[in-house]
Every structure is written in C-alpha cells, then in structure tokens.
Amino acid sequence: AINRPGGNYTPSQGANAGTPSGRAPANTPMGADWARGRAKEMIARGIDAVKVTSDNLTAEEVKAITDEAHKANLKVIGHVTDVNRYVENGFDGVVHSWGMAASLMTPENKKKWGEEGTISYPFAFIDSTKIDPMIKLMIDHKAGYMPLIINDLGGLTPRAKYYADEVTNLFKDPE
C-alpha cells in the first residue's frame, strides 16, 4: 500500500505494513517524486495492484502514482474520502462505502458526521444532489466502486454491536 508517512491509517490495519509511524502535518505534500518513487518501489516487488491508503495526497501525488501503475498495466484502488480528487487523477477503483459517503457530504454534514463519533451509518449525512454527478464521474473515468459487506451490512448480523464498536474505535484512536 502507498501511504503518506503518518497518514490517517495505521500499520495495525495491515494495509500499511512498513509505513513509518508518526503523523505528518495535515496537507503536507511529500511531492510527486516521492509518490512516483513509492509506486515504482511497490511495482518492483511484483504486486498485482496498487492500493493507496492515504487520504491526504495531493492531486499531483495521486497522478504520479497512477501514471506509474498504469505504465506497468496495474490498477490503482484505495479508500479515501475525496473520491473526486482521486478518480480525476487516475484511480481505477474506490474501496469502502464510508469513503464514498464522505465524498457525497456537504462540508457541514461531514463535520456533523465527525462530531457524531461513529461511521456506523455515514449515508445519513450525504447530500443526494451529489449522487448523480458522482456516478457520472465514476462512469466517465471507468472507475469501480467496491463497497465492503461488513461496512454496508454488518448491522444486519448478530455481531453488529461488535463491528460497530471496532469501526468506531479505529477512528477514535488510529494509533
């Protein structure tokens, strides 16, 4: 996975094994050269696809990653909360429904969602006027959407409370 050092996901999730710990200041660009280098490093390992797990990459960084992956005939997927920026810069697919929901929120609703302290049902905060433009963006860029069943349907299982608590705790204390 490609993740800005100190990004918003942690090595404990498994996706970022080997990512240095510690937080980078918000919106601190590492640069397109850094992103291109990370992509080349991952590609040289013989990966099947590139997964981006950092939500705070610049458009230039995303473009550098996707350009390198596409040169190697690899797809780029990830979980982010600004689907527009990532898809517009070459993402092939978006993972997790909460990221899509966050991209469909107004800034005010995104703040309310964050204040609620849980992502159990982020769809309650979406702005329905953003749905059709998002669908058009995804179709125009031939980008896929891969919701995960545990995020979408976890509340329907006997372990619903456990799953909700796990997700909530992840976002309360990402370290």
For Ile65, the lone unmet condition from (1) under 20 Å from Gly31 (Cβ atoms); (2) of a type in the set (A, V, I, L, M); (3) surrounded by fewer than 16 Cβ atoms within 10 Å (Cβ to Cβ) is (3)
Does Ile77 count as open to solvent by 30 Å² or more (accessible area, probe 1.4 Å), touching a residue at least 60 places away in the same chain (Cβ under 8 Å) and either closer than 15 Å to Val52 by Cβ or not small (Gly, Ala, Ser) (or both)? yes
Determine whether the range 131-153 contains at least one residue that is at pLDDT below 90, surrounded by 12 or more Cβ atoms within 10 Å (Cβ to Cβ) and farther than 23 Å from Val87 by Cα. yes
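Mind checking whether some residue in the range 4-16 is out of contact with any Gly (no Cβ under 6 Å at 6 or more places or on another chain), of a type in the set (Val, Ile, Thr), modelled with pLDDT under 85 and at negative phi?
Within the range 4-16, one or more residues are out of contact with any Gly (no Cβ under 6 Å at 6 or more places or on another chain), of a type in the set (Val, Ile, Thr), modelled with pLDDT under 85 and at negative phi.
Which residue, of Gly37, Gly114, Gly90, Gly99, is open to solvent by less than 70 Å² (accessible area, probe 1.4 Å) and on the phi > 0 side of the Ramachandran plot? Let's see the steps before the verdict.
Details: Gly37 fails: on the phi > 0 side of the Ramachandran plot; Gly114 fails: on the phi > 0 side of the Ramachandran plot; Gly99 fails: on the phi > 0 side of the Ramachandran plot.
So the residue among Gly37, Gly114, Gly90, Gly99 that is open to solvent by less than 70 Å² (accessible area, probe 1.4 Å) and on the phi > 0 side of the Ramachandran plot is Gly90.
The values are calculated or read from the model by the stated rules, or taken from the named source; none is laboratory data. What you are looking at is a predicted structure, and each value in this text was computed from that prediction instead of being measured. Ideal geometry is used to build each Cβ from the backbone, glycine not excepted, and the neighbour counts take in all protein chains shown. Side chains are part of the model used for accessible areas, which takes the heavy atoms of the whole protein and leaves out ligands, DNA and RNA. Shrake-Rupley method; radii C 1.70, N 1.55, O 1.52, S 1.80 Å.
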